[in-house]
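Notes to accompany the following structure.
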Amino acid sequence: MDENTRKWYGIAAAIIVIFIAIAWYLSANHKAVAPTNNTNTTSTSTNATTTGQGSATPGGVQIGVGDTSNLKQPDLNRPYKPLSTLPQSVQDNNKKLYTTAIEQLKFNPNGIAYWLQLGNLRKGADDFAGAEEVWLYVSTRWPTDPIAYNNLADLYGNYLHDYAKATTYWNALIKLSPDNIHAYINLATMQSINLKDKAAARVTLQAGLKANPGNTDLQYALDHLQ
């Protein structure tokens, strides 16, 4: 074997070693990434738990309970059926997304993005109890990730009409993300229209402006409070 041949064999062997190392790393550190066709499915938080005791917020719901040792995982075998009023192509696509999410979570239950995707698909199928189960699980297991709080607040306020719980989760979202302008506006809108409490709505918007001075959306909402 001449020198050039030995050289190319050496390069090929090195490439093979690199690919093996990459494959091992990916298998050892696999993180599921949810499809991005839904606005409330992705998250930038890491897969983390906390050992501290959670604190109660208005509405009587415990937020961010840290001890996850006895946390029950949502049922991944729960039946799923898209709404029959959707176009068949959308139904078929949602079934594929649901199947993918289930497969990924059975492979790697640490994939928060797939849990969020699962909750969204259940909610889209009017399985509100199934969506609630998933998002409560996410908010407990990843208590610093704001997306599940947003989804729960929307679910309770606009679909289940449990305004006490909706208030709890809007406030939890605001606490986690005080720069989330929509959280203040959504909470204030619910307080003003659904709860008929303009004083509370005004306080919410003023708190938003205090945290986000000069924000034009919050100021407009306050000036046009219904």
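All of the numbers you see were taken from the coordinates with simple rules; none came from a lab. Worth saying up front: this structure is predicted, and the values here are computed from it rather than measured. Neighbour counts run over all protein chains shown; Cβ positions are idealised from the backbone, glycine included.
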Problem set entry | Efficiency of FRET between ASN93 and PHE128 - r from beta-carbon atoms, R0 30 angstrom, step 0.05 | 0.90
Exercise. Using alpha carbon centroids, what distance separates the range 153-172 and the range 103-152, in Å?
Worked result: 16
Problem set entry | FRET efficiency for ASN70 and ASN108, using Cβ-Cβ distance with R0 set to 25 Å, rounded to 0.05 | 0.75
Exercise. So what's the range 153-194 giving for Cα Rg divided by 2.2 N^0.38 Å, two decimals?
Worked result: 1.02
Seminar exercise, completed: Restricting to Cα pairs under 8 Å and 6 or more apart, the percent relative contact order of the range 127-220 works out to 18
For this session: Any chance you could tell me what percent of the C-alpha pair distances in the range 78-226 go past 20 Å?
Result: 54
Exercise. Mean separation of Cα pairs under 8 Å and 6+ residues apart, divided by the residue count of the range 163-211: what relative contact order is that in percent?
Worked result: 33
For this session: Mind checking which aspartates and glutamates have their Cα closer than 19 Å to the Cα of LYS106? Skip sequence neighbours fewer than 8 apart in that chain.
Result: ASP75, GLU133
Exercise. Are there trypsin sites (Lys or Arg not before Pro) in the range 116-199 that DSSP marks as loop and that have at most 10 other Cβ atoms within 10 Å, and which are they?
Worked result: LYS196
Problem set entry | Links that overshoot a 25 Å alpha carbon limit, given the list LYS175/LYS198; LYS95/LYS123; LYS123/LYS210 | LYS123/LYS210
Exercise. Counting only the backbone N, which residues of the range 147-185 are under 15 Å from the spot 7 Å out from the Cα of VAL203 toward its beta-carbon?
Worked result: 164, 167-168, 171-172
